[in-house]
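The values are calculated or read from the model by the stated rules, or taken from the named source; none is laboratory data. Quick caveat: nothing in here was measured; it's all calculated off a predicted structure. Cβ placement follows ideal geometry from the backbone for every residue including glycine, while neighbour counts extend to all protein chains displayed. Surface areas here come from the heavy atoms of the whole protein model, side chains and all, with no ligands, DNA or RNA. Shrake-Rupley method; radii C 1.70, N 1.55, O 1.52, S 1.80 Å.
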Amino acid sequence: MMKKVFITRKIEEEVIRELSSKFRVEVWPYEDQVCPREELLKHAADSHALLTMLSDQVDEELFEQAPELEIVANLAVGYDNIDVKSAAERGIIISNTPDVLTDTTADLAFSLLLATARRIVESADYIKQGNWQSWSPYLLAGSDVHHKTIGIIGMGEIGEAVAKRARGFDMNILYHNRSRNQEAEDKLHASYRTLDELVAESDFIVCLTPLTEETRGMIGTAEFSRMKNSAYLINAGRGPVVDEEALIQALQDGEIAGAGLDVFEKEPIDVSHPLLSMKNVTAVPHIGSSSVETRRTMMELCATNIARVLTGSEPVTKVQ
Ligand code: GLV
Ligand code: GLV
């Protein structure tokens with residue numbers, strides 16, 4: 001019997017067609033709806049591979065009900081939605097999609113920084129709502145980006161790609177990371193700082209660190225109180241790395257000047273959430289790697305990883 005692959009979201013036809021030539025492929029048929037938990041568990045029960053989204057919880061409960069499962073290919077670089085320890089204990093391979101999304105995600109992080117500093121979204125709303133009365137010296141005046149200090153938290157591949165962009169804007173580059181990144185220091189002239197130093201010295205604090213037990217809530221009340229009142233927080237990593245209550249308070253109290261957010265504690269964020277009604281918050285719906293080209297490449301990489309594992313080879317991008 002052909003091995004079964006379950007894909008938790010409607011994806012590109014060609015990706016499915018190729019997998020279908022070798023395996024029995026079933027797909028949750030909606031592009032904009034999460035596959036319900038019961039459906040996921042039901043399919044996992046006889047699947048050899050799952051192609052999952054970061055919105056799917058892949059945990060002990062699922063593994064217990066999936067005796068045939070060989071690989072979970074997550075359509076993301078982050079894999080905090082997956083219990084990798086439990087997968088390892090069961091010999092289930094986890095793959096992600098690093099590298100292929102690095103530049104696209106860095107482009108988004110830097111766009112969010114620029115949009116927040118220069119009030120692009122607010123300005124676009126202003127003109128479309130018919131509010132433009134006259135050219136005025138301080139109309140929607142924002143903050144400069146060039147020659148300012150950027151502080152990158154999480155100096156992995158995406159952090160380095162953001163630093164590269166920052167160099168083009170003549171920014172002073174600081175970073176914080178679990179371990180020193182000598183290459184970033186040598187090639188990108190990034191200077192290491194402790195977290196306390198970084199938040200105090202930066203004009204733009206860009207958070208890209210993965211979500212782990214160590215990084216959960218890493219940016220909280222104490223960090224906001226150390227930031228300059230003119231500082232901006234940009235989060236394009238994972239929502240729970242920032243304590244959202246503390247962020248709201250910091251914005252309300254004027255501890256910081258604004259925030260650009262691609263990620264949130266709870267996704268999708270509720271439309272009534274206080275962050276969404278603040279003028280100095282630029283919010284976008286977790287679109288870091290969302291270019292047509294990159295999403296397509298990520299899907300192909302997931303499909304390749306699945307095909308390799310189901311035919312007895314190593315995946316190209318294995319988490320563990
Ligand atoms: C997106 O957030 C990813 O982890 O790829
Ligand atoms: C950074 O803040 C600078 O001095 O340009």
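Below is a table of values for the structure above.
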item	result
Given (1) free of Cβ contacts under 8 Å to residues at least 40 places away in the same chain; (2) surrounded by 20 or more Cβ atoms within 10 Å (Cβ to Cβ), number of the condition Val77 does not satisfy	(1)
Residue, farthest from Thr311 (Cα to Cα), within region 63-78, restricted to residues that are within 16 Å of ligand 1 (Cβ to nearest atom) and touching a strand residue (DSSP E or B) at 6+ places or on another chain (Cβ under 6 Å)	Asn74
Any chance Val206 is assigned to a strand (DSSP E or B) and either within 16 Å of Ile150 (Cα to Cα) or open to solvent by 30 Å² or more (accessible area, probe 1.4 Å) (or both)	yes
Residues located in region 22-51, provided they are part of a helix (DSSP H, G or I) and in contact (Cβ under 8 Å) with a residue 12 or more places away in the chain	Arg37, Leu40, Leu41, His43, Ala44
Tally, over region 219-243, of residues that are surrounded by fewer than 21 Cβ atoms within 10 Å (Cβ to Cβ), more than 25 Å from Glu157 (Cβ to Cβ) and touching a residue at least 12 places away in the same chain (Cβ under 8 Å)	8
Answer residue from region 80-105, given it is out of contact with any Phe, Trp or Tyr (no Cβ under 9 Å at 6 or more places or on another chain) and assigned to a helix (DSSP H, G or I) and is surrounded by the fewest Cβ atoms within 10 Å (Cβ to Cβ) among those	Lys85
Filtered residues of region 106-129 (kept if open to solvent by 30 Å² or more (accessible area, probe 1.4 Å), away from ligand 1 (no atom under 16 Å from the Cβ) and not polar (S, T, N, Q))	Leu114, Arg118, Arg119, Ile120, Val121, Glu122, Ala124, Asp125, Tyr126, Ile127, Lys128
Residue match in region 157-164 (condition: open to solvent by 20 Å² or more (accessible area, probe 1.4 Å), assigned to a loop (DSSP other than H, G, I, E, B), closer than 26 Å to Thr97 by Cβ and β-branched (Val, Ile, Thr))	no
Selection count, region 245-279, where residues are surrounded by 16 or more Cβ atoms within 10 Å (Cβ to Cβ) and either within 20 Å of Asn81 (Cα to Cα) or touching a residue at least 60 places away in the same chain (Cβ under 8 Å) (or both)	10
